[in-house]
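Report on the structure given below.
The values are calculated or read from the model by the stated rules, or taken from the named source; none is laboratory data. Values in this document were obtained by computation on a predicted structure and should not be read as measured data. Positions of Cβ are generated from backbone atoms using ideal geometry, with glycine treated the same way; all protein chains shown enter the neighbour counts.
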Amino acid sequence: MSAKVIPRVVDQTSFLAGLIDKYKIVEHIDRLGLVADDDRTQLKIGHRVKAILLSGLGFPERTLYQAHQQFEHLNVQRLFGAQGICAEDFDDNALGRGLDKIAEYGTSKLFSELAFELLTREGLLGKTLHIDSTSVKLFGQYEGADEDFAVPEYGYSRDKRPDLKQVVLTLVTAGSAGVPLWYQMDGGNQSDKTGFHDTISRVTSGLKETQDFLWVADGALYSKKHLQASTIRWLTRVPGTLKLAKQYQQQTLPPDDVPELNAKNRGMMVSAPKGERWLLVLSQEGRKREEKTLEKRIVREEDKLTKQLNELSRQRYACVPDAVAAAEKFIKSLKWHTATVSTDWHDEKSQTPGYQLLITIQRDENKLCPDYNACGRFILATNDKDLTPEQMLTQYKEQDSVERGFRFLKDGEYRLNHIFLKKNKRIEALMMVLTLGSMSLS
């Protein structure tokens, strides 16, 4: 007689708690021996981290100071595997002191220790690391920020909120699974061009096992000064503003003459600076998307030019040379168009007599051709002599793994990008803990 199967409903909190337990996050933190200075509760730091994760991921509509409210109708001792604790133990003071201890230990250090152990145990480390950064907006002045931690400042805002102070969050993910391996928070005006290389140096010195890995990043990594002095293997996108890169992207090149890399992309190796290998990629999907964007830009430019022409047609000039000079100034401003110019004497009793400019514009295919050629094209660069063109493209496409982590952290549903803590060291620790959550759900 077969045993009767009894269905069991697992709620979101139990599911998340199971993941946290599976990855042994609490156990690892508790092995570090971190103890908060609390007189009222003896909660372990690991339990506080688990509570923050359950609150932030399981009940995203609640802020940190409401965390204890979600545990009021749950079996807290069973949920946390500890006797003698209750929901009231997880108030904002207890969680805040827990964050203080994490910050003092070192957020990047703690995260990398947890992540490296997990990735190694689960066989997810691979041999490729992807790095990227984003800004996190903050609500507050933070005038007394602790200089030992990331200082909220005004800077380039990816959220289009330059009116708010921010910090810059950098993640490093490992392997094709894109599981976060490294977390780092910096001040709000940190630049990717220097920040990436600083992070890579910290990772390779802190995690010796990653020194032979291939580092993949967007164009912010491309800096001849830093890359030439670096000993890492790297793969990045070449900024399209470089003169040589622009020449390759804008050249007339029949697509059929370029070998296929896969069903959607073609590519070929091109001459590159010493010590580098460049791959020119032609993306079919990128071309369609960028052609539409270019056409919108041209139409907006034509609307702007039409207004200028209307203004010029209303002006009167005393002589032909003055009119021609005004026309030449207008023609020099044309990016994608040519102009046909004539003058006419305008003499009406109700208006000031003088020469009137008659200008018509047309699209210039010779001017447009380079920009249309560049649509869907980009260049990848590496110092790895063994990577094939197909491997270069595949590894770069996996850069989206970091962006997936950012989308989770900045998802409006979870409100993880709305932080109201007063201490900047607690902000750094809280974002680290929430990034642990994204690692658990990867």
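Numbers below:
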{"item": "Condition met for residue 204 (of a type in the set (S, T, N, Q) and within 16 Å of the chain's Cα centre (by Cα))", "result": "no"}
{"item": "Qualifying residue in the stretch 401-410 (condition: hydroxyl-bearing (Ser, Thr, Tyr), buried (at least 21 other Cβ atoms within 10 Å of the Cβ), at pLDDT below 90 and under 17 Å from the mean Cα position of the chain (by Cα))", "result": "yes"}
{"item": "Boolean, residue 279 is modelled with pLDDT of 95 or more, closer than 19 Å to residue 397 by Cα and of a type outside the set (S, T, N, Q)", "result": "yes"}
{"item": "Looking only at the stretch 141-156, and only at residues there that are among the small types (Gly, Ala, Ser) and surrounded by 16 or more Cβ atoms within 10 Å (Cβ to Cβ), the one that is farthest from residue 428 (Cα to Cα)", "result": "155"}
{"item": "Test: residue in the stretch 321-334 that is closer than 30 Å to residue 252 by Cβ and under 33 Å from the mean Cα position of the chain (by Cα)", "result": "no"}
{"item": "Members of the stretch 9-50 that are of a type in the set (Val, Ile, Thr), in a helix (DSSP H, G or I) and either in contact with a strand residue (DSSP E or B) (Cβ under 7 Å, 6 or more places away or on another chain) or without any contact (Cβ under 8 Å) to a residue 60 or more places away in the chain (or both)", "result": "26, 45"}
{"item": "Selection status of residue 273, surrounded by fewer than 12 Cβ atoms within 10 Å (Cβ to Cβ) and modelled with pLDDT under 95", "result": "no"}
{"item": "Residue tally, condition more than 27 Å from the chain's Cα centre (by Cα) and under 22 Å from residue 243 (Cα atoms), over the stretch 257-271", "result": "5"}
{"item": "The listed residue being in contact with a Leu (Cβ under 9 Å, 6 or more places away or on another chain) and either in contact (Cβ under 8 Å) with a residue 60 or more places away in the chain or surrounded by fewer than 19 Cβ atoms within 10 Å (Cβ to Cβ) (or both), out of 159, 192, 186, 92", "result": "92"}
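Yes/no matrix, rows are residues, columns are (1) surrounded by fewer than 17 Cβ atoms within 10 Å (Cβ to Cβ); (2) assigned by TED's automatic domain parsing to the domain that holds residue 269:
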| position | (1), (2) |
| --- | --- |
| 336 | no, yes |
| 352 | yes, yes |
| 362 | yes, yes |
| 365 | yes, yes |
| 376 | no, yes |
| 393 | no, no |
